Amino acid sequence: MAEKFHLEIITPTKVYDEGEVDYLRAPGVDGAFGVLAGHTESIMALAIGEIKVVKGSVEKTYASAKGFAEITRNGVQLLVESAEPQEDIDLTRAQEAFDRAKEHLNRKQDEMEDELRALRALERSMNRLKVAEKK
């Protein structure tokens, strides 16, 4: 039997306890990284992106916001601002958020903060759409 490790995805409002998993791929700030059982202990910064969890022949995907990954001998905890399982993403709502963020960016803004907020919203909505539309 292949080795497994315990995975939890923790947000401010919810904990997704994935239990024992075979593989994790997460969006690091320097690029995606994978974790198998026995991975070197570390803490990594996470970017907005797609989390992939593999348990046997079953794959599960999450759209996630930035945060941190803590990899220990006992397992992995992903501490993220938000995480949304692919099957829970409302495609219409995600598209509307994308359209609003894009429209906001297209308007000429004098304040840099508004533009940065719109860019972050656009990045999050693009990620949710990408994850939701996966087959």
**Asked** Can you find even one residue in the stretch 101-124 that is closer than 30 Å to Asp22 by Cα and not assigned by TED's automatic domain parsing to the domain that holds Lys14?
**Response** yes
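Taking the stretch 19-54 as the region of interest, how many residues are under 17 Å from Gln86 (Cα atoms) and out of contact with any Pro (no Cβ under 8 Å at 6 or more places or on another chain)?
Of the stretch 19-54, the ones under 17 Å from Gln86 (Cα atoms) are 24-27, 48-54.
Applying the additional criterion that residues be out of contact with any Pro (no Cβ under 8 Å at 6 or more places or on another chain) yields 24-27, 52-54.
Looking only at that region, the number is 7.
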**Asked** Checking Val58 against (1) of a type in the set (A, V, I, L, M); (2) surrounded by 12 or more Cβ atoms within 10 Å (Cβ to Cβ); (3) over 18 Å from Thr13 (Cβ atoms), which test does it fail?
**Response** (2)
**Message:** Could you tell me how many of the residues in the stretch 1-26 are polar (S, T, N, Q) and under 14 Å from the mean Cα position of the chain (by Cα)?
**Reply:** 1
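The values are calculated or read from the model by the stated rules, or taken from the named source; none is laboratory data. It should be emphasised that the depicted structure is a prediction, and the values quoted were computed from it without experimental measurement. Here Cβ is always computed from backbone atoms with ideal geometry, including for glycine, and neighbour counts include all displayed protein chains.
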